[in-house]
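Before any comments, here is the structure.
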Amino acid sequence: MREDIYILYGLAVRLAVLALAVTAQACTTVDPGPQFVVPDEQFDADYFFCHVEPELLFAKKCGSGEPGDNNSCHFNSSAVSGLALSNHPPVDCANDHPVNRAQIGAGSGAQGNFQLAVIEMSRDYQSAPLYVRPATGRNHPRQIFPENDPVVDVIRTWAQK
């Protein structure tokens with residue numbers, strides 16, 4: 001009988017070791033290699049230039065702010081971190097597309113604003129900082145627009161493009 005207990009004990013130990021080995025093997029990491037890149041979300045640039053920038057960033061005065069904001073808004077790069085917008089002439093658009101591609105080329109204020117806004121955007125627009133911060137005032141000095149403002153449709157549409 002004592003021999004049976006040792007056999008069962010030995011079997012139990014082996015099963016425990018096997019279970020531990022299987023569990024440990026399941027928890028290994030995978031080396032993605034030296035060329036690993038997290039894919040960027042692609043949002044429609046033309047829609048940004050023709051709708052988001054003029055109807056949200058400029059019309060809601062995200063850059064300039066209101067008179068009482070003491071120049072502490074997004075055109076003042078020393079006052080904000082992350083979304084330091086460039087003030088530039090509006091992009092000329094027709095049929096939801098920029099007319100003059102030179103206005104949105106590399107190094108332009110519009111292109112810089114687009115690149116910064118994409119970082120703050122998400123397909124789930126209700127979790128995107130570009131929506132959450134100005135619509136709710138969370139992590140933002142004040143609420144810029146109410147959650148039922150028509151500009152929310154602009155953000156929602158851009159999230160889908």
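The values are calculated or read from the model by the stated rules, or taken from the named source; none is laboratory data. None of the values given here were measured: they were computed from a predicted structure. Every residue, glycine among them, receives a Cβ derived from its backbone with ideal geometry; neighbour counts consider all protein chains shown. In case anyone asks, the SASA skips ligands and DNA or RNA and just uses the protein heavy atoms, side chains included. Shrake-Rupley method; radii C 1.70, N 1.55, O 1.52, S 1.80 Å.
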Within the stretch 86-99, the residues that are touching a Pro at 6+ places or on another chain (Cβ under 9 Å) and open to solvent by less than 50 Å² (accessible area, probe 1.4 Å) are VAL91
Here the qualifying pairs (Cβ atoms under 8 Å; residues six or more apart or on different chains; first in the stretch 120-140 and without any contact (Cβ under 8 Å) to a residue 12 or more places away in the chain; second in a helix (DSSP H, G or I) and open to solvent by less than 30 Å² (accessible area, probe 1.4 Å)) come out as GLN126/VAL132; ARG138/VAL132; ASN139/VAL132; HIS140/PRO134
Look through ALA24, ALA106, ALA102 and report the one residue that is more than 30 Å from GLY137 (Cβ to Cβ), assigned to a helix (DSSP H, G or I) and modelled with pLDDT of 75 or more. ALA102
Output for the stretch 70-109, where each listed residue is among the β-branched types (Val, Ile, Thr) and farther than 16 Å from LEU57 by Cβ: VAL99
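Kindly check whether there is at least one residue in the stretch 126-148 that is aromatic (Phe, Trp, Tyr), at pLDDT 95 or above and under 17 Å from ALA45 (Cα atoms).
Quick first cut of the stretch 126-148, residues aromatic (Phe, Trp, Tyr) only: 131, 145.
Right, trim to at pLDDT 95 or above and you get 131, 145.
Applying the additional criterion that residues be under 17 Å from ALA45 (Cα atoms) yields none.
Checked the stretch 126-148: no residue is aromatic (Phe, Trp, Tyr), at pLDDT 95 or above and under 17 Å from ALA45 (Cα atoms).
Every residue, every condition in (1) surrounded by 18 or more Cβ atoms within 10 Å (Cβ to Cβ); (2) under 9 Å from the mean Cα position of the chain (by Cα), yes or no:
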| position | (1), (2) |
| --- | --- |
| ARG101 | no, no |
| GLY105 | no, no |
| GLY109 | no, no |
| GLY112 | no, no |
| GLU120 | no, yes |
| GLN126 | no, no |
| VAL132 | yes, no |
| ALA135 | yes, no |
| ARG138 | no, no |
Please indicate, with yes or no, whether at least one residue in the stretch 74-85 is modelled with pLDDT of 95 or more and open to solvent by less than 50 Å² (accessible area, probe 1.4 Å). yes
If the Cβ limit is 7 Å and pairs must be 6+ apart or interchain, which residue in the stretch 94-114 that is farther than 12 Å from HIS51 by Cα pairs with which residue that is open to solvent by 50 Å² or more (accessible area, probe 1.4 Å)? VAL99/ASP92; VAL99/CYS93; ASN100/ASP92; GLN103/ASP92; GLY109/ASN87
What pairs come up if the first residue lies in the stretch 46-57 and is under 10 Å from VAL154 (Cα atoms), the second is open to solvent by 10 Å² or more (accessible area, probe 1.4 Å) and of a type in the set (D, E, K, R), and their beta carbons are under 9 Å apart, counting only those six or more places apart or on different chains? TYR47/ASP96; TYR47/LYS161; PHE48/LYS161; HIS51/ASP96
Per the filter on the stretch 52-68, residues assigned to a helix (DSSP H, G or I) and open to solvent by less than 30 Å² (accessible area, probe 1.4 Å) are VAL52, GLU53, LEU56, LEU57
